[in-house]
Amino acid sequence: MTGDMDYRITRATPDDLQVLVPLFDAYRVFYGRPSDPAMAQAFLRERFERDESVIFLARDGGGVIGFTQLYPCFSSVSARRIWVLNDLYVEARARRSGVARALMEAAHAHARDTGAARVTLCTARDNTPAQVLYESLGYMRETKMLAYALEF
């Protein structure tokens, strides 16, 4: 909890799907994708069914106000798991209240608890508020590696 905002962080379960879908859909819209709640629900349901991600929710008295989603990956060099913090979203009304930081701290605790070597993430070049948060948590901007992507 921070300031006047009262919230708690919990790990999502399949029972949270209905409250998570609108937030996940809003997250995708934030990144320029068209709203598609049915697709969001199918995608999230599949992640739960296949145990392919870990999702933490920020809840206040009015419902879910933020989430972060981690995907497992592995490092051959360190021969350990890594977690990719792929999604982080907080409703506009709850931003700048510590919710994003609390979600990330829950993700970090999960990574440590699972023996992970690290947590990695990417964000848009123009998402300065997120970059400030990440750097305040100790994330270092990668300078040695070049990232490439092939989209299909």
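Per residue, how much accessible area does the chain have with a 1.4 Å probe, in Å²?
On the way: 9750 Å² over 152 residues.
On a per-residue basis, the chain sits at 64 Å².
Over the alpha-carbon set of the chain, divide Rg by the Kirkwood Rh and report the Rg/Rh ratio to two decimals.
Value, to two decimals: 0.95.
Pull out the extension gain between PHE43 and ARG141, defined as 0.36 nm times the separation in residues minus the alpha carbon to alpha carbon distance; nm, one decimal.
Numbers: separation 98, 0.36 × 98 = 35.28 nm, distance 2.97 nm.
Net length gain for the segment: 32.3 nm.
First select every other residue whose beta carbon is under 13 angstrom from the beta carbon of GLN131; then total the charges, Lys and Arg +1, Asp and Glu -1. Kindly include the intermediate steps, with their values, before the conclusion.
On the way: positive: ARG125, ARG141; negative: ASP126, GLU135, GLU142.
Here the charged neighbours net out to -1.
SER78 to VAL29: FRET efficiency via 1/(1 + (r/R0)^6), r the Cβ-Cβ distance, R0 25 Å, to the nearest 0.05? Please report the intermediate quantities before stating the final value.
Values: r = 36 Å, r/R0 = 1.44.
About 0.10, to the nearest 0.05.
In whole angstrom, and with the biggest value first, how far do the Cα coordinates of region 27-83 range along each principal axis?
42, 27, 24
Ignoring everything except DSSP H segments at least 4 long, calculate the 222 nm mean residue ellipticity for the chain; use -39,500 (n - 2.57) per segment, divide by total residues, nearest 500. Please report the intermediate quantities before stating the final value.
Working: 4 runs with 52 residues, N = 152.
That calculation yields -11000 deg cm²/dmol at 222 nm.
For region 46-152, what % of the accessible area comes from carbon and sulfur atoms, probe 1.4 Å? Let's see the in-between values first.
Details: 3560 of 6830 Å².
In region 46-152, the share of accessible area belonging to carbon and sulfur is 52 percent.
Report the longest stretch of the chain that contains none of the GluC sites (Glu not before Pro) sitting in a DSSP loop with at most 12 other Cβ atoms within 10 Å. Walk me through the numbers on the way to the answer.
Details: sites that count: GLU52, GLU142, GLU151.
The reported range is 53-141.
Identify the chymotrypsin sites (Phe, Trp or Tyr not before Pro) of region 1-78 meeting these criteria: DSSP loop state and at most 15 other C-beta atoms within 10 Å of the C-beta. Kindly include the intermediate steps, with their values, before the conclusion.
On the way: sites: TYR7, PHE24, TYR27, PHE30, TYR31, PHE43, PHE48, PHE56, PHE67, PHE74; in loops: TYR7, TYR31.
Answer by residue number: TYR31.
So what is the relative contact order of the chain, in percent, for Cα pairs below 8 Å that sit 6 or more residues apart? Provide the component values of the computation, followed by the final result.
On the way: 199 pairs, mean separation 30.6, N = 152.
Dividing the mean separation by the residue count of the chain yields 20 percent.
Gain in length, ASP6 to ASP36, computed as 0.36 nm per residue apart minus the alpha-carbon separation, to one decimal in nm? Mind dumping the intermediate values first?
On the way: separation 30, 0.36 × 30 = 10.80 nm, distance 2.99 nm.
Extra length from ASP6 to ASP36 when fully extended: 7.8 nm.
The values are calculated or read from the model by the stated rules, or taken from the named source; none is laboratory data. Please read these numbers as outputs of a predicted model, since none were measured by experiment. Cβ atoms come from the backbone with ideal geometry, glycine included; neighbour counts cover every protein chain shown. For the accessible areas, the whole protein counts, side chains as well, though only heavy atoms, and no ligand, DNA or RNA atoms are used. Shrake-Rupley method; radii C 1.70, N 1.55, O 1.52, S 1.80 Å.
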